[in-house]
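Input: a single structure, listed below in C-alpha cells.
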C-alpha cells in the first residue's frame, strides 16, 4: 500500500481539498528517487516526504498555494554541495518537484 | 470513481498501474493526468492524439516497472520536446525464490521480506518445507525445485537463491534458473561445492557465459557466519547486482552515494515508502 495515495484518496472522499507533490527528477546525488511523494490537505495535514527533510517546508507552502489556486507548478530546488546543509538537502544535487491540486 | 480513488484501489489489490502527469507543456495539457492499466485508461493529457501517445508509452514503462519522464509534441508527436510527461509505474512486488528449506533459508526469507520481495520457499522434503519453519515466507511449496521452477512466474525483477548445496537438487534447479530471465541467480556452497557444481553444470552442457550469470558462492564477502549474517551478505549482493555497484566501504570511496542512473530500478519496497515501485532489473547478461 502507498500511504500517500491512500491518505489523499481518503481526504478527497471526505471532500477535503488536497495537493500532491511528487519528485519527478533528481540530478546528481539525491536521497529519494523520482516518484517519491508528499500530500497536503487543506487543513494542513501532511503525509510522506520529498527529500531528506528540509525542502518540505517550502513544498508545503507551494502545496497550500496550489490548493488555493488550482494551478499546478513545477518546482526546482538546486543546491550546490557547499550550500546543501544550509538549505537542507542532505546530499546536494537538484530536485524537481511537481505540485498539483488533486481534483482528478 | 475519481482517478485518485481508482489509483488507491489498484494499489491495494496490487494490480499494475501507471500514472502519467503532464509536467511541462502548453496550457491545454499542463497538469493533465492519465491513469493507465494494461487494459484501459482514464483521464486526459489535453487532447486525444497526445492521450494515445502517452497511454502507449505508459504501458511500455509499466511493463518494465519503470518510472521516468517522456517527451512528446503537443499532439503526441515523437522526436519533439514541447510536452514533458512524468510516468510513474506501480508494479506488483518482485519475487524471491528460495530453494532449500535449511536454516539459512529462513534467514534469507526474512531478509527478502524485509526488502519487499514476495518470498516463495521451495524444497522437495516435506519435513523441512513447512509453514512453521518459514513464518515470514509468502508461500512454502513442497516440490522438486527444478519441476517447480519450470512453471513458476519468473521475470527480470525476480531473484533466485539456491541454498540446497546438494548437487542432486542444485544442478537441475540452476539449469532451470538459467532458462529464466531472473535478474539475480545465487547458489550457496563452499569453494569445493562451487567447483564441483560448476563441473557438473558444464558436463550438462551449460556454457561459461551462462555460468557467469550465477553468483556462486552466493553473497558479498563480509565474513558472514551465522544464517542471519549470511542472509545480510546475500541481500547486499542482490542490491549491488541490481544497482550495478561493486560493494565495499563507502568510507573508502569518494563521489556521490546515490547515482542518478536512469536505468536503475527502485528498491522493491519503494511502494511502501510512498515512492515508485521496483522497476526492471538490470539486464543480467
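The values are calculated or read from the model by the stated rules, or taken from the named source; none is laboratory data. These numbers come from a predicted model, not from an experiment. When we count neighbours, we look across all protein chains shown, and the Cβ atoms used for this are built from the backbone with ideal geometry, even at glycine.
Of all residues in the stretch A:2-31, those being over 16 Å from residue A:48 (Cβ atoms) and more than 7 Å from chain B (Cβ to nearest Cβ) number 4. Checked against (1) in contact (Cβ under 8 Å) with a residue 60 or more places away in the chain; (2) over 17 Å from the mean Cα position of the chain (by Cα), residue B:157 passes all but condition (2). Taken together, B:81, B:48, B:9 contain a single residue that is out of contact with any strand residue (DSSP E or B) (no Cβ under 7 Å at 6 or more places or on another chain) and more than 11 Å from chain A (Cβ to nearest Cβ), which is B:48.
Kindly indicate whether residue B:192 is free of Cβ contacts under 8 Å to residues at least 12 places away in the same chain, touching a strand residue (DSSP E or B) at 6+ places or on another chain (Cβ under 6 Å) and either within 27 Å of residue B:224 (Cα to Cα) or assigned to a loop (DSSP other than H, G, I, E, B) (or both). Against the criterion (free of Cβ contacts under 8 Å to residues at least 12 places away in the same chain, touching a strand residue (DSSP E or B) at 6+ places or on another chain (Cβ under 6 Å) and either within 27 Å of residue B:224 (Cα to Cα) or assigned to a loop (DSSP other than H, G, I, E, B) (or both)), residue B:192 does not qualify.
Can you tell me which residue within the stretch B:67-78, out of those that are crowded, with 22+ Cβ neighbours inside 10 Å and outside any strand (DSSP E or B), is nearest to the other protein chains (Cβ to nearest Cβ)? It comes out as B:67. Checking every residue in the stretch A:55-73 against the condition of being at pLDDT below 85 and either at the interface with another protein chain (Cβ under 8 Å from one of its Cβ atoms) or within 13 Å of the chain's Cα centre (by Cα) (or both) gives zero matches. Scan the stretch B:47-60 for residues that are at pLDDT below 95 and within 20 Å of residue A:104 (Cβ to Cβ) and the total you get is 1. Consider the stretch B:18-43 and keep the residues that are buried (at least 22 other Cβ atoms within 10 Å of the Cβ) and in a strand (DSSP E or B). The one that is farthest from the other protein chains (Cβ to nearest Cβ) is B:36. In the set (1) under 17 Å from the mean Cα position of the chain (by Cα); (2) assigned to a strand (DSSP E or B); (3) away from chain A (no Cβ under 14 Å); (4) farther than 16 Å from residue B:166 by Cβ, residue B:98 fails one condition alone, (4).
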